[in-house]
Amino acid sequence: MKKKLLALMLSASMVLSMTACTNNPVSSSGQPTDSTQTPATDSAQPQITIPPVANLTGTDTSAIPGLEDGVLTVGMECVYAPYNWTQLDDANGAVPIVNAPGSYANGYDVIMAKRICEAYGWELQVMAIGWEGLTPALDSSTVDVAISGQSMTEERLREVDMAGPYLYADIVCVAKKDSEQSKATGISQLTGTCTAQTGTVWYNSFLPQIPNAQIMPEAETAPAMITAVESGTVDFICTDMPTAMGAVATYDSLTILDFTNTDDNFKVADGDVNLGISVVKGNTALKDAINAALDGLTAEHFNALMAQAISIQPEI
């Protein structure tokens, strides 16, 4: 199938987020070039050995819809660190963004897309597409898959099929370190204004669970959400753990409020924290092929690869 390479323009927020990454080289499979182990964030924590990329190159995938040409076209926002971001060069294994000449995509989603493509010997293409445009891009065959930190919710599974999970992410809040919100030990103690990214379970399902929250309009992008709390426009935000970790890695004024192991926490369904890879409805062959490439990777492996993405992410 011939891919439709639409002239999808990048948003201003993506252009503003472009910056060079820190110098911490990783291989195309997401592993450091000088080690097969992820760096430990705490010397007391055991290092996790990440399995090599699956060898599925002998598998005939030419009949899979979208893969007849051996090219996997992946849609992602390219503004959603640490899942995906834009940078100005190919440092740390970044790949060109086909609809934004001179720009490159990197992040956890790119690392995972590269592992999947390497497993089968597919060529990888990345297209930058806004959050609300990901499913339409699948439906129009502009992209073959969307890898962009999407939750495997019942609502989303009515629109697309999803491979995975390719990450499990707890739901947390982020606030200023010196704020009243930072003292909260549960969601019932949170007060003040808040927001989350538009079109996410963070905004639609979790902020409404906070009894004393003053919910403000949605943030259009993850960077806009993080900027809102860092600038004091809102008192706190709701997001997932990887996004929160990326935020505090960039802004030392922020802190993560994690109520996961308390009784005063969000009510979370599996689909809200299991992140998947979207394919068009009915493309079971592609979904199964992706699952085969992910086979053998555990939650610990996913977290180790995410830690590597966070270690090379640019400023949000």
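The values are calculated or read from the model by the stated rules, or taken from the named source; none is laboratory data. Since this is a predicted model, take the numbers as computed values, not measurements. Cβ atoms come from the backbone with ideal geometry, glycine included; neighbour counts cover every protein chain shown. In case anyone asks, the SASA skips ligands and DNA or RNA and just uses the protein heavy atoms, side chains included. Shrake-Rupley method; radii C 1.70, N 1.55, O 1.52, S 1.80 Å.
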Within segment 273-294, work out how many residues are within 24 Å of Asp170 (Cβ to Cβ) and not aliphatic (A, V, I, L, M).
-> 4
When residues of segment 54-64 are filtered for being open to solvent by 40 Å² or more (accessible area, probe 1.4 Å) and either in contact with a Lys or Arg (Cβ under 9 Å, 6 or more places away or on another chain) or not aliphatic (A, V, I, L, M) (or both), how many remain?
-> 6
Looking only at residues in segment 183-235 that are touching a Leu at 6+ places or on another chain (Cβ under 7 Å) and not hydrophobic (A, V, I, L, M, F, W, C), which one is modelled with the highest pLDDT?
-> Glu230
Residue by residue through segment 142-159, note down the ones that are under 22 Å from Ile64 (Cα atoms), touching a residue at least 40 places away in the same chain (Cβ under 8 Å) and open to solvent by 40 Å² or more (accessible area, probe 1.4 Å).
-> Leu157, Glu159
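Okay, residues lined up against (1) in contact with a Leu (Cβ under 8 Å, 6 or more places away or on another chain); (2) touching a residue at least 12 places away in the same chain (Cβ under 8 Å); (3) within 26 Å of Thr142 (Cα to Cα):
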| residue | (1), (2), (3) |
| --- | --- |
| Tyr251 | no, yes, no |
| Phe259 | no, yes, no |
| Val268 | no, yes, no |
| Asp272 | no, yes, no |
| Thr284 | no, yes, yes |
| Leu294 | no, yes, yes |
| Phe302 | yes, yes, no |
Residues located in segment 110-158, provided they are under 12 Å from Ser278 (Cα atoms) and of a type outside the set (A, V, I, L, M) | Thr135, Pro136, Asp139, Asp144, Ser148, Gly149, Gln150, Ser151, Thr153, Arg156, Arg158
Subset tally (residues that are hydrophobic (A, V, I, L, M, F, W, C), touching a helix residue (DSSP H, G or I) at 6+ places or on another chain (Cβ under 8 Å) and under 25 Å from Ala244 (Cβ atoms)) for segment 134-156 = 3
How many residues does segment 286-316 hold that are in a helix (DSSP H, G or I), of a type in the set (Gly, Ala, Ser) and either out of contact with any strand residue (DSSP E or B) (no Cβ under 9 Å at 6 or more places or on another chain) or buried (at least 21 other Cβ atoms within 10 Å of the Cβ) (or both)?
-> 6
Selection from segment 86-119 of residues that are open to solvent by 10 Å² or more (accessible area, probe 1.4 Å) and free of Cβ contacts under 8 Å to residues at least 40 places away in the same chain = Asp90, Val95, Pro96, Pro101, Gly102, Tyr104
